[in-house]
Amino acid sequence: MDFFICVIRTEWSAFQGCRTSKGAVNLTEHFCVRTAGNLYPKYDFTGEFYKLPSYLRRAAIAEAYGKVCSYWSNLKNWKAADPRTRGAEPSAPGAGFVYPAMYRGNCYVRVDDYTARIKVFIRNTCEWLTVRLRRSDVDYISRHCFGRKECVPTLRKRGRQWYLDFAFTAERELGSTDIFNQTIVAVDLGINSACACSAMRSDGTVIGRRFLRLSAEYDSLERRVSRIKYAQRHGSRSTPVLWKLADGVNDDIAVKTAQFIIDTAVLYHADVIVMEHLDLNGRKRGSKKQKLHLWKARRVQSIVTDRAHFLGMRVSHICARGTSRLAFDGSGRVLRGRESEKTNSNYSLCEFPTGKVYNCDLNASYNIGARYFVREIVKSLPVTEGQRITANVPGCAKRSTCTLSTLINLNGELYAAA
């Protein structure tokens with residue numbers, strides 16, 4: 001792929017007129033591939049890569065063209081940005097770790113349940129090899145992926161061994177329940193605790209609350225991070241084994257958190273799972289910057305999205321600004337940690353302006369669910385009716401300040417109008 005990336009970057013002016021990936025592939029082959037009508041190409045790809053199948057060559061060209069297009073787009077945005085804040089110049093694209101799909105019939109043939117034939121480049125030529133599929137893997141696939149469509153595998157290298165990775169697809173129809181009849185699970189992902197979930201209805205009624213702590217897992221992660229710090233203090237610049245152990249514990253936390261959220265949604269027959277839209281880009285500052293680096297919130301959201309769609313549930317995201325800082329009763333900004341004397345510097349608790357002490361994650365989950373319902377209810381109303389409701393309930397106009405009290409006031413206004 002590096003060969004095609006170099007060609008496309010060198011001849012980029014000729015690719016400006018390409019509107020589709022297919023046109024870029026044809027133009028690249030004109031520059032590189034020797035044919036009866038093109039005996040002397042500008043770059044001799046055939047001489048350097050002998051007998052490479054055409055379908056693999058075109059897949060590599062399409063991937064290389066996408067990488068070069070992304071590079072020039074990033075470079076253009078970088079030049080247009082403010083020099084004081086734009087950061088380093090985008091680096092040149094490289095092939096990276098990209099493995100092609102084993103096209104069925106051309107590169108992959110299934111002989112029987114436990115045997116397959118693949119076509120690979122070996123001994124300076126492309127040959128067919130017979131491989132045995134592990135019986136436990138085949139039985140696992142047949143048991144857990146029954147009814148799904150099997151896609152062609154991808155040949156990937158891990159360490160010193162090669163593996164066939166199989167992907168499966170399934171079609172699911174997501175629910176379309178009316179917003180006023182929906183039950184949602186609002187999720188607040190935490191750094192110190194795993195998550196807090198609240199099952200809510202459109203009128204603001206909270207029908208269930210569940211917490212996930214994972215104290216043992218977080219203690220294990222803390223011990224592994226402490227070992228990394230100890231090794232770095234004693235001169236070890238690179239600690240890949242220690243970081244691998246920490247990443248393993250972190251992945252386990254993400255998987256268990258996602259499974260807990262799905263189990264909660266199934267328990268309360270939820271139609272939608274609502275989470276925060278978290279912006280984790282940029283430099284982390286403060287005393288908790290390492291925890292933010294280790295926080296796998298996006299990993300959790302990705303797993304939850306895949307599993308929820310498989311069960312026919314929808315996933316929605318709302319603005320995360322102020323969900324933990326605003327009291328759900330509408331009384332104003334809460335006090336957390338050292339800001340309050342009643343919480344004893346416990347960051348998981350907060351003090352409302354009314355003096356009440358409440359769980360901060362649970363308060364945030366109420367606001368997350370309320371913001372989803374406020375947004376969807378206002379969107380479902382006619383324009384004139386929505387303007388009247390917004391005038392009578394001003395909190396609906398600015399989504400970043402909506403709380404559970406805003407949703408309750410909105411429903412009261414709707415019932416009064418009805």
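Work from the charge dipole of the chain (Cβ charges, +1 for Lys and Arg, -1 for Asp and Glu, about the Cα centre) and give the residue of Val266, Tyr114, Gln182 farthest towards its positive end. Final value for the positive-end residue is Tyr114.
Other residues lying with their Cβ under 14 Å from the Cβ of Val357 contribute a combined charge of -2, Lys and Arg counting +1, Asp and Glu -1. The separation of the stretch 1-27 from the stretch 259-283, counted between C-alpha centres, amounts to 41 Å. Spatial offset of the stretch 109-168 relative to the stretch 365-383 amounts to 47 Å, using the alpha carbon center of each.
The stretch 201-246 and the stretch 319-351 have their alpha-carbon centroids 23 Å apart.
All C-alpha pair distances within the stretch 156-314, sorted into 10 Å bins from zero, spread as 9, 30, 30, 21, 8, 2, 0 percent across the bins. Computed from Cα atoms, the angle from the helix 21-32 axis to the main principal axis of the chain rounds to 30 degrees. Given a 1.4 Å probe and the protein chains as shown, Arg375 ends up with an accessible area of around 50 Å².
For the residue pairs Lys119/Lys157; Lys22/Lys157; Lys229/Lys291, the alpha carbons lie more than 19 Å apart in Lys22/Lys157. Solvent-accessible surface of protein heavy atoms, probed at 1.4 angstrom with all chains present, puts His317, His144 in the order His144, His317, largest first. Measuring only protein heavy atoms, the 1.4 Å probe finds His269 accessible over about 140 Å². Among Thr390, Thr239, Thr130, the order of accessible area from largest down is Thr130, Thr390, Thr239, computed with a 1.4 Å probe on protein heavy atoms. In this simple spin-label model, placing a label point 7 Å from the Cα along the Cα-to-Cβ direction at both His144 and Asn392 gives a separation of 5.2 nm. Relative to the dominant Cα principal axis of the chain, helix 360-380 is inclined by about 80°. Once all protein chains are placed together, Thr401 keeps about 60 Å² accessible to a 1.4 angstrom probe. Accessible surface ranking for Ser348, Ser198, Ser13, Ser136, 1.4 angstrom probe, highest first: Ser13, Ser136, Ser348, Ser198. Applying the criteria of a DSSP loop state and at most 15 other Cβ atoms within 10 Å to the chymotrypsin sites (Phe, Trp or Tyr not before Pro) of the stretch 26-77 yields Phe49, Tyr50. Could you tell me which of rounded, prolate or oblate describes the stretch 270-418, using a ≥ b ≥ c as the square roots of the eigenvalues of the alpha-carbon gyration tensor, with rounded for a/c under 1.5 and, failing that, prolate when a/b is larger than b/c and oblate otherwise? Oblate. Computed from Cα atoms, the angle from the helix 215-233 axis to the main principal axis of the chain rounds to 60 degrees.
The values are calculated or read from the model by the stated rules, or taken from the named source; none is laboratory data. Everything numeric here is computed off the predicted structure, so don't read it as measured data. Glycine also receives a Cβ, built like all others from the backbone with ideal geometry; neighbour counts cover every protein chain displayed. The area values use the complete protein model at the heavy-atom level, side chains included, leaving out ligands, DNA and RNA. Shrake-Rupley method; radii C 1.70, N 1.55, O 1.52, S 1.80 Å.
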